[in-house]
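*Asks:* I'd like to ask you about the structure that follows.
The values are calculated or read from the model by the stated rules, or taken from the named source; none is laboratory data. The shown structure was predicted, so the numbers you read here are calculated from the model rather than taken from an experiment. All Cβ positions, even for glycine, are placed from backbone atoms using ideal geometry, and neighbour counts span all protein chains on display. Areas reflect the complete protein model, heavy atoms only, side chains present, ligands, DNA and RNA absent. Shrake-Rupley method; radii C 1.70, N 1.55, O 1.52, S 1.80 Å.
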Amino acid sequence: MNKDIEKLKRKANALPTTPGIYLMKDQHGTVVYVGKANSLKNRVTSYFRKNQQHANKTLRMVHNITDFDTVAVDTELDALLLECQMIQQLHPMYNRQMNHFANYCYLDLSGHQFQCQETRTETSVGPFRRPKQLPLLFQLLSETYQLDTINPIAKARLEKQLPAARLRTDSEKWQNIRCFFTGEDTDFFRLCQQRLTYLTEELLFEQAQILNQQLTIANHFYQEIKRINQFWQAPDVIIQVPMCVDNAKDLYAIKYYHIQFGQVQETKICSPTETFNPRISTDHSSRRPLTKSDLDPVCILINYHHRLGIRMD
């Protein structure tokens, strides 16, 4: 049993109730877990209370904790972004999400084939956060566009579902495939719906169910690409997050975040009666391609953008 548990409890009880991140350390001083909290005190003390709802992984982690550090911040959004930054930097053993951005990949379609890449080239698209879904998507796209990689028996079956597909040129097919992976307009989903209609009319319900499940995965993948690209290409996004300045006096403020091309350029805390006037710049020289390490923080900002209904110009 952890001999320092009472000391950790006392330290946790002395924490502020402000947002922030906490860094759990083992006996060697190594950070083994980074988490975020709306209230540091409430979140960190929860680890050192007996709780049957704790997962085995959490119990193992707590058993190995000998100390922790905290960093207080202004808002939950600040905590999320800092948590992401520290996970990417430290790679704690108990963090799963945002810990393996190096495994995200790019995709090169220039040779009319699916080729995953670790690094960006002039002809690649991406990066993508869900590389494990790519084989399924490659197969679904190959079948729907009846690419030459499909075996003859499967191709004959697919031609019955989409007889007009064989009349298309390879360039037309691969242009639509590229648009799928860049979040642009593509006829892929219309073709999949035609396939579903055919399978249903032929009473091939099991095949239709499998295709529908694959199509759901493809749509989630595609919609995420669209959201990320739209946000990364937006010259001005304003996110405003309410924050409590003084609980005792019931004082509140708003923290504004001015984001250009997916990156936070300016922040300011204002009273509810103040107006935030960001420094709008027409100089877009700082714009750069999206990288693998950008994906997680950008998705955090996107979630806040949609959650709070923020302006995007």
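*Asks:* I'd like the full set of residues that are under 25 Å from the mean Cα position of the chain (by Cα) and part of a loop (DSSP other than H, G, I, E, B), limited to region 257-276.
*Replies:* Of everything in region 257-276, those that are under 25 Å from the mean Cα position of the chain (by Cα) and part of a loop (DSSP other than H, G, I, E, B) turn out to be PHE261, GLY262.
*Asks:* Please verify whether GLU224 is at pLDDT below 95 and surrounded by fewer than 18 Cβ atoms within 10 Å (Cβ to Cβ), treating the condition exactly as stated.
*Replies:* Judged against the criteria, GLU224 is not a match.
*Asks:* Restricting the search to region 70-95, which residues are of a type in the set (S, T, N, Q) and in contact (Cβ under 8 Å) with a residue 60 or more places away in the chain?
*Replies:* Hits for region 70-95 are THR75, GLN85, GLN88, ASN95.
*Asks:* A further question follows. Just checking, does region 72-83 include any residue being outside the structural domain of ASP296 (by the TED database) and touching a Phe, Trp or Tyr at 6+ places or on another chain (Cβ under 7 Å)?
*Replies:* Yes, that holds for at least one residue.
*Asks:* Further question on the same structure: Whether any residue in region 54-61 is under 30 Å from ILE150 (Cα atoms) and exposed (fewer than 13 other Cβ atoms within 10 Å of the Cβ) is what I want to check.
*Replies:* no
*Asks:* From the residues in region 133-148 that are open to solvent by less than 10 Å² (accessible area, probe 1.4 Å) and touching a residue at least 40 places away in the same chain (Cβ under 8 Å), which one is farthest from GLN194 (Cα to Cα)?
*Replies:* Step by step, filter region 133-148, then rank; the result is LEU137.
*Asks:* Quick check on region 7-18. Is at least one of its residues farther than 30 Å from PRO135 by Cβ, buried (at least 19 other Cβ atoms within 10 Å of the Cβ) and of a type in the set (S, T, N, Q)?
*Replies:* Yes - at least one qualifying residue is present in region 7-18.
*Asks:* Sticking with this one: Looking at (1) surrounded by 13 or more Cβ atoms within 10 Å (Cβ to Cβ); (2) under 30 Å from GLN233 (Cβ atoms), which one does LEU158 not meet, given that it meets all the others?
*Replies:* With respect to (1) surrounded by 13 or more Cβ atoms within 10 Å (Cβ to Cβ); (2) under 30 Å from GLN233 (Cβ atoms), LEU158 is out only on (2).
*Asks:* Among the residues of region 238-255, are any open to solvent by less than 80 Å² (accessible area, probe 1.4 Å) and among the hydroxyl-bearing types (Ser, Thr, Tyr)?
*Replies:* No, region 238-255 contains no residue that is open to solvent by less than 80 Å² (accessible area, probe 1.4 Å) and among the hydroxyl-bearing types (Ser, Thr, Tyr).
*Asks:* Before we move on, is ASP67 surrounded by fewer than 18 Cβ atoms within 10 Å (Cβ to Cβ), assigned by the TED database to the domain that holds GLY35 and acidic (Asp, Glu)?
*Replies:* Spelling it out, ASP67 is indeed surrounded by fewer than 18 Cβ atoms within 10 Å (Cβ to Cβ), assigned by the TED database to the domain that holds GLY35 and acidic (Asp, Glu).
*Asks:* Also, quick follow-up: How about region 49-145: which helices (runs of 4 or more DSSP H) wholly inside it have at least 2 residues that are modelled with pLDDT of 95 or more?
*Replies:* Qualifying helices (runs of 4 or more DSSP H): 76-90, 134-144.
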